[in-house]
Amino acid sequence: MTMPEPTPQVLVNRSCALSENPLWDETTGTLYWTNISGGQLWSHHVASGETQRIYTGPDVGGFTQEGDGALLLFRVTDVVRLAGDGSVREIAKFAESGHARFNDVTADPRGRVFAGTVGNTPTSGGVFRFDPDGSRRLVITGTGCSNGMAFTANRKRFFWTCSTRRQIWVYDYDEESGDLSNGQLWYQANEEEGITDGLTIDLQDNIWSARWDGFRVSQHAAADGRVLREIKFPVAKVSSVTFGGADFGTMYLSTAGGDDKASLDGAIFSLEVPGVHGRAKFRSRLA
């Protein structure tokens, strides 16, 4: 007997124009996300159902969580620390030729942050690596829109998304140095699938890729990138995905296109796929 595909459920609907970078805090049971074009950061405590806007200011392209729970916000021209009391402290300035703003970011096992950017041209964006010693370097180039990233369980490979060309790439990753090498195209999406956007990785190292203008999230086999399943959504712009919940058995997905009207565009969805679990995100150590 064939089991029906799981159905995405609306968790929160604030009709965000561009919700992105969902991040689960396992210590408090809280989901965070950014509404990039609205200059807002939101939190949702799943057990109580309480939703709060915790930040308003310059656009936040992506963010990580520090060891003490503070959030590290990668904005348009700087990186700042958002403390639990709402105070903001600048960590680094950012003004790089060709780069318009930050986009998806992720911390690595040593507390570094790989921070993607949106370029001013179709090839001027990329990924910067921010190290705890205060240094940074450009480690990936040649995209107009850098997007979702993830590390395999053995910490030997690093996945990266180029939304400009609808691609997912894989690199060899050295945890000791933080270096990326031997980049190879891992998956090429077609137009019907939508644009490869944010992604996450499950315990079997299968990739879950959100699809902008694709009405779906796609699961890709760890070995060769082939599509294992596609779960359809009632909205077009599925922008990113992360694992959370008590046992990391729930996926939380951000979407975009909201305009404060009574539609599901821009809502945050939850999705449970039997037998599929993820793991906690690494925490940054920059602040």
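The values are calculated or read from the model by the stated rules, or taken from the named source; none is laboratory data. From a predicted model like this one, the values you see are computed outputs, not experimental measurements. Neighbour counts run over all protein chains shown; Cβ positions are idealised from the backbone, glycine included.
Residues are listed down the side, and each one gets a yes or a no for (1) among the small types (Gly, Ala, Ser); (2) in contact with a Gly (Cβ under 7 Å, 6 or more places away or on another chain); (3) surrounded by 14 or more Cβ atoms within 10 Å (Cβ to Cβ); (4) within 27 Å of VAL80 (Cβ to Cβ):
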| position | (1), (2), (3), (4) |
| --- | --- |
| THR117 | no, yes, yes, yes |
| ASN120 | no, yes, yes, yes |
| GLY144 | yes, yes, yes, yes |
| TRP169 | no, yes, yes, no |
| GLY198 | yes, yes, yes, yes |
| ASN206 | no, no, yes, no |
| ALA222 | yes, no, yes, no |
Suppose the filter is closer than 18 Å to ARG137 by Cα, assigned to a strand (DSSP E or B) and free of Cβ contacts under 8 Å to residues at least 40 places away in the same chain; does ALA95 pass it? no
Which ones in region 76-110 are surrounded by 18 or more Cβ atoms within 10 Å (Cβ to Cβ) and within 20 Å of LYS281 (Cα to Cα)? VAL79, VAL80, ARG81, LEU82, PHE102, ASN103, ASP104, VAL105, THR106, ALA107, ASP108
Subset of region 54-66 (residues that are without any contact (Cβ under 8 Å) to a residue 24 or more places away in the chain and either among the polar types (S, T, N, Q) or not in a loop (DSSP other than H, G, I, E, B) (or both)): THR56
Under 7 Å by Cβ, and 6 or more places apart or on different chains, what pairs join a residue from region 217-232 that is of a type in the set (S, T, N, Q) with one that is part of a loop (DSSP other than H, G, I, E, B)? GLN219/ASN206
Would you call VAL235 touching a strand residue (DSSP E or B) at 6+ places or on another chain (Cβ under 9 Å), outside any loop (DSSP other than H, G, I, E, B) and either basic (Lys, Arg) or under 18 Å from LEU18 (Cα atoms) (or both)? no
Can you confirm whether region 18-32 contains a residue that is outside any strand (DSSP E or B), touching an Asp or Glu at 6+ places or on another chain (Cβ under 9 Å), surrounded by fewer than 21 Cβ atoms within 10 Å (Cβ to Cβ) and on the phi > 0 side of the Ramachandran plot? no
In region 191-210, what count of residues is obtained for those that are closer than 16 Å to TRP160 by Cβ and not in a loop (DSSP other than H, G, I, E, B)? 11
Which ones in region 33-53 are surrounded by 22 or more Cβ atoms within 10 Å (Cβ to Cβ) and assigned to a loop (DSSP other than H, G, I, E, B)? none
Is it the case, given these coordinates, that SER284 is modelled with pLDDT of 95 or more and not aliphatic (A, V, I, L, M)? yes
Test for SER218: is it buried (at least 16 other Cβ atoms within 10 Å of the Cβ), over 27 Å from THR7 (Cα atoms), modelled with pLDDT of 95 or more and among the polar types (S, T, N, Q): no
Give the residue, chosen from ALA189, ALA256, that is touching a residue at least 60 places away in the same chain (Cβ under 8 Å) and either in contact with a helix residue (DSSP H, G or I) (Cβ under 7 Å, 6 or more places away or on another chain) or of a type in the set (Gly, Ala, Ser) (or both). ALA256
